[in-house]
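Worksheet: the structure to be examined is printed underneath.
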Amino acid sequence: MTIENKKGWISWFNPFKYGTDRWMFALHRLTGIALGLYLIAHVWETSNILNGQVTWDKIMVDLDYPFGAHYGPFILSLILIVAVYHALNGIRLTIVENGLMLPKPYRPEFPYKAKSLRGLNNLLKIVLGIFMILISAIGVIFIFTGVIV
Amino acid sequence: MRESQIMFLQYLTGILVLVFGSFHFLLISVLSPSPEKILYIYNGANATHVLVGGTLYYTWVKAVYSSLIWGSVFELLLTFLVYHVFNGFRVILSELIPGGRAEKIITYALLVVALVVFIWGSRTVVVSLAGGL
Amino acid sequence: METLVLKGFGEVVKTVTFRVRRYDPEKKEIPKYEEYKVPVQKGMTILDGILYIKEHLDHSLSARYSCRMGICGSCGMIINGKEKLACQTQILELGKDLIKVDPMGNYGIVKDLVPELSKLFNNHQSVKPFIVREEEEPKSEFLQTPDQREKYAMFTDCILCGLCLSACPTSASDELYLGPQALAQSFRYIVDNRDLGFEERLNVVDSKHGVWRCHFSGACSEVCPKGVDPALAIQLLRKVMTTNIFVKYQQKGATRGPERKSALGVS
């Protein structure tokens, strides 16, 4: 009698030993879920603009001051970094998952390093990584200089 | 629809979300109608928030929502986002619980949630444009 | 006690511990790990180590292997957390004193290190891994230039070892997913200029658990022991699928060479 040996969903978030693309997949999925849930919260949050100034002000202050401390800017920065990562990796995936910027079929040679995970794909990762650092830095600086004066 | 068409829209809405989302981020920073282009002021000494003058102050948010251009940007962004997010959830859940009735139930349940989020978000935009509750 | 050594290898360099996941189908217990001390000689592979255990330490250990030279694709295992062919992994190259050997994931286990590969073969079969033509018995050759062959040549190296499905994160949770191996093979036949079976494969490949459930995590290409690069094939297949939305993908079918007859007059 054979038994099941599925790795299960936990291996989505187990990117060790499989290279950078697997790391980016795990982060893309994680950030995607987080941003999706954030959208639902954000739609509820912004709908309070219809409920008058008192409610709006209270929600703005409460969301900025969760768990009894001023975590607002940190949460905003995290959301920004997560969104920037998902967006920029999304650009890369839109390009490579539709077969662009990938090598033509080639002759495998020992030690069989896959070319689809390297070459232009790696260049994209580096360029978008630099963009990610720049945009995140600008955003985080804006959030912190804007909030704490 | 074929899966390839659904996923083509997934990539397309992803790019559109990026374009319209950039406007959204610009709106709360450099394009903000508030006099000081900052979110709000937090006074660390006595732990108080000063919203007046910042982007998140009621008057300025209200001003943004009553403008037709920003209203349409928000509405389009919401449409693309809801498609992208809930199709993404569908993909993840269909990989988690593949096949059979469960997958169909999940798909329709997500469709309902997506419609609720879309209507709830559109309500904010449309009612604000019409002049508030 | 004198340590037993295998013939045909160099001197004993060191002793490593093999931690092997055991499962006995007759006992109905959950799989558990057992440890064996194996003296390592120069040139010994993981498969040699497992055979040493089977010969000298525990005769009940089961593993599937055949050619011992990375051609048959029978001995896929998870070695220290990464999918590898046991016959192509040198123990000394790993540089570890503890070697964890698991059966491949995402398949069933028949016994010990023997995976149940029918899922792999069924998926492979479902994409029609052969040239689809209407004629039953072609009377002449289909012509193909070297350039046309280069388009798919690398994907014909697949040895069906099944390591890619074990490494794939989608296959880990989605048992209906075709898997990198089947998708790469479907691409290999779709771009073959002799083939006419695109429409038949479309329903399998462009389905809810077909090509679009790949998220390009690259794990399949990372572990492939023959450098087939299934991830590249899947992305190129998606290019075909995306263009197919707007412009119908056309397969012309290769032109025919001159009709030939053998000396006996039978074609």
query: under 19 Å from A:PRO105 (Cβ atoms) and of a type in the set (Lys, Arg): does that describe C:ARG194?
result: yes
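Can you pull out the residues in segment C:23-48 that are part of a loop (DSSP other than H, G, I, E, B), of a type outside the set (Ser, Thr, Tyr) and within 13 Å of another protein chain (Cβ to nearest Cβ)?
Here is the first cut: in segment C:23-48, the residues part of a loop (DSSP other than H, G, I, E, B) are C:23-31, C:42-44.
From what is left, the residues that are of a type outside the set (Ser, Thr, Tyr) are C:24-31, C:42-44.
Within segment C:23-48, C:ASP24, C:PRO25, C:GLU26, C:LYS27, C:LYS28, C:GLU29, C:ILE30, C:PRO31 meet the criteria.
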Selected residue (criterion: farthest from C:GLN125 (Cα to Cα)) from residues of segment C:180-189 that are in contact (Cβ under 8 Å) with a residue 60 or more places away in the chain and within 14 Å of chain A (Cβ to nearest Cβ): C:TYR189
query: Take the residues of segment A:15-46 that are surrounded by fewer than 17 Cβ atoms within 10 Å (Cβ to Cβ) and either assigned to a loop (DSSP other than H, G, I, E, B) or of a type in the set (S, T, N, Q) (or both): which is nearest to the other protein chains (Cβ to nearest Cβ)?
result: A:LYS17
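Scan segment C:56-67 and give yes if some residue there is touching a residue at least 12 places away in the same chain (Cβ under 8 Å), more than 20 Å from A:PRO111 (Cβ to Cβ), in a loop (DSSP other than H, G, I, E, B) and of a type in the set (Asp, Glu), otherwise no.
We begin by selecting, within segment C:56-67, every residue touching a residue at least 12 places away in the same chain (Cβ under 8 Å); these are C:56-58, C:60-65, C:67.
Still in the running and more than 20 Å from A:PRO111 (Cβ to Cβ): C:56-58, C:60-65.
Within this subset, residues satisfying the condition of being in a loop (DSSP other than H, G, I, E, B) are C:58, C:60-65.
Now drop any that are not of a type in the set (Asp, Glu), which leaves C:58.
Yes.
For B:LEU56, state whether it is outside any helix (DSSP H, G or I) and within 23 Å of B:TRP120 (Cβ to Cβ).
Numbers: outside any helix (DSSP H, G or I): yes; within 23 Å of B:TRP120 (Cβ to Cβ): yes.
Answer is yes for this residue.
Please determine, by comparing only the residues of segment A:111-125 that are of a type in the set (A, V, I, L, M, F, W, C) and in a helix (DSSP H, G or I), which one is surrounded by the most Cβ atoms within 10 Å (Cβ to Cβ).
Going residue by residue through segment A:111-125, those that are of a type in the set (A, V, I, L, M, F, W, C) are A:114, A:117, A:120, A:123-124.
Cutting the leftovers down to in a helix (DSSP H, G or I) gives us A:117, A:120, A:123-124.
Details: A:LEU117: 25, A:LEU120: 15, A:LEU123: 11, A:LEU124: 18.
Within segment A:111-125, the match that is surrounded by the most Cβ atoms within 10 Å (Cβ to Cβ) is A:LEU117.
Please determine whether any residue of segment B:71-82 is more than 9 Å from chain A (Cβ to nearest Cβ), assigned to a loop (DSSP other than H, G, I, E, B) and either on the phi > 0 side of the Ramachandran plot or of a type in the set (D, E, K, R) (or both).
Of all residues in segment B:71-82, those more than 9 Å from chain A (Cβ to nearest Cβ) come to B:71-73, B:75-77, B:79-80.
After this cut, where a residue has to be assigned to a loop (DSSP other than H, G, I, E, B) as well, the list is none.
No, every residue in segment B:71-82 fails to be more than 9 Å from chain A (Cβ to nearest Cβ), assigned to a loop (DSSP other than H, G, I, E, B) and either on the phi > 0 side of the Ramachandran plot or of a type in the set (D, E, K, R) (or both).
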- prompt: Would a scan of segment B:32-44 turn up a residue that is under 30 Å from B:ARG90 (Cα atoms) and either more than 9 Å from every other protein chain (Cβ to nearest Cβ) or crowded, with 16+ Cβ neighbours inside 10 Å (or both)?
  reply: no
- request: List the number of the failed condition for B:GLY53; all other conditions in (1) at pLDDT below 90; (2) closer than 15 Å to B:ILE28 by Cβ; (3) crowded, with 17+ Cβ neighbours inside 10 Å; (4) of a type outside the set (Ser, Thr, Tyr) hold.
  value: (3)
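Working only within segment A:110-125, note down all residues that are of a type outside the set (S, T, N, Q) and either on the phi > 0 side of the Ramachandran plot or at the interface with chain C (Cβ under 7 Å from one of its Cβ atoms) (or both). Don't jump to the end; show me each part of the working.
As a first pass, look at segment A:110-125 and keep what is of a type outside the set (S, T, N, Q): A:110-115, A:117-120, A:123-125.
Within segment A:110-125, A:TYR112, A:ALA114, A:LYS115, A:LEU117, A:GLY119 meet the criteria.
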task: For segment C:196-240, enumerate the residues that are part of a helix (DSSP H, G or I) and within 7 Å of chain A (Cβ to nearest Cβ).
output: C:ALA219, C:SER221, C:GLU222, C:ALA231, C:LEU232, C:GLN235, C:LEU236, C:ARG238, C:LYS239
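If you check C:ALA153, C:ALA167, which single one turns out to be at the interface with chain A (Cβ under 10 Å from one of its Cβ atoms) and over 30 Å from A:PHE13 (Cα atoms)? If you could, list the steps in order and put the result at the bottom.
Details: C:ALA167 fails: over 30 Å from A:PHE13 (Cα atoms).
From the options C:ALA153, C:ALA167, the qualifying one is C:ALA153.
Of the residues that sit in segment B:1-31 and are out of contact with any helix residue (DSSP H, G or I) (no Cβ under 7 Å at 6 or more places or on another chain) and part of a helix (DSSP H, G or I), which one is surrounded by the most Cβ atoms within 10 Å (Cβ to Cβ)? Full working, then the answer.
Going through segment B:1-31, the residues out of contact with any helix residue (DSSP H, G or I) (no Cβ under 7 Å at 6 or more places or on another chain) turn out to be B:1-2, B:12, B:19, B:22, B:25-26, B:28, B:30-31.
Going one step further and asking which of them are part of a helix (DSSP H, G or I), we end up with B:12, B:19, B:22, B:25-26.
Details: B:LEU12: 14, B:VAL19: 12, B:SER22: 12, B:PHE25: 16, B:LEU26: 11.
Residue satisfying both the conditions and the ranking: B:PHE25.
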message: Quick check on B:VAL117: is it modelled with pLDDT under 95 and in a helix (DSSP H, G or I)?
response: no
Index of the failed condition, C:ASP97 passing every other in (1) surrounded by fewer than 19 Cβ atoms within 10 Å (Cβ to Cβ); (2) assigned by TED's automatic domain parsing to the domain that holds C:GLY218: (2)
- prompt: Can you name the number of the only condition in (1) more than 7 Å from every other protein chain (Cβ to nearest Cβ); (2) not in a helix (DSSP H, G or I) that C:ILE109 fails?
  reply: (1)
field: Residues within segment A:52-107 that are in a helix (DSSP H, G or I), more than 8 Å from every other protein chain (Cβ to nearest Cβ) and exposed (fewer than 15 other Cβ atoms within 10 Å of the Cβ), tallied
entry: 10
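Within segment C:248-263, identify whether any single residue is touching a strand residue (DSSP E or B) at 6+ places or on another chain (Cβ under 7 Å), more than 9 Å from chain A (Cβ to nearest Cβ) and either among the hydrophobic types (A, V, I, L, M, F, W, C) or surrounded by 24 or more Cβ atoms within 10 Å (Cβ to Cβ) (or both), and answer yes or no.
Taking segment C:248-263 and keeping what is touching a strand residue (DSSP E or B) at 6+ places or on another chain (Cβ under 7 Å), we get C:254, C:256.
Still in the running and more than 9 Å from chain A (Cβ to nearest Cβ): C:254, C:256.
So of that shortlist, the ones also either among the hydrophobic types (A, V, I, L, M, F, W, C) or surrounded by 24 or more Cβ atoms within 10 Å (Cβ to Cβ) (or both) come out as C:254.
So far as segment C:248-263 goes, yes, one or more of its residues are touching a strand residue (DSSP E or B) at 6+ places or on another chain (Cβ under 7 Å), more than 9 Å from chain A (Cβ to nearest Cβ) and either among the hydrophobic types (A, V, I, L, M, F, W, C) or surrounded by 24 or more Cβ atoms within 10 Å (Cβ to Cβ) (or both).
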query: So B:GLY14 fits all but one of (1) more than 20 Å from A:ILE143 (Cβ to Cβ); (2) free of Cβ contacts under 8 Å to residues at least 60 places away in the same chain; (3) facing chain A (nearest Cβ under 8 Å); what number is the exception?
result: (2)
message: One residue is enough: does segment C:117-136 have a residue meeting the conditions among the aromatic types (Phe, Trp, Tyr), within 25 Å of C:SER217 (Cα to Cα) and surrounded by 20 or more Cβ atoms within 10 Å (Cβ to Cβ)?
response: no
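The values are calculated or read from the model by the stated rules, or taken from the named source; none is laboratory data. Predicted, not measured: the structure shown is a model, and the values here were computed from it. Using ideal geometry, Cβ is built from the backbone for each residue, glycine included, and neighbour counts are taken over all protein chains shown.
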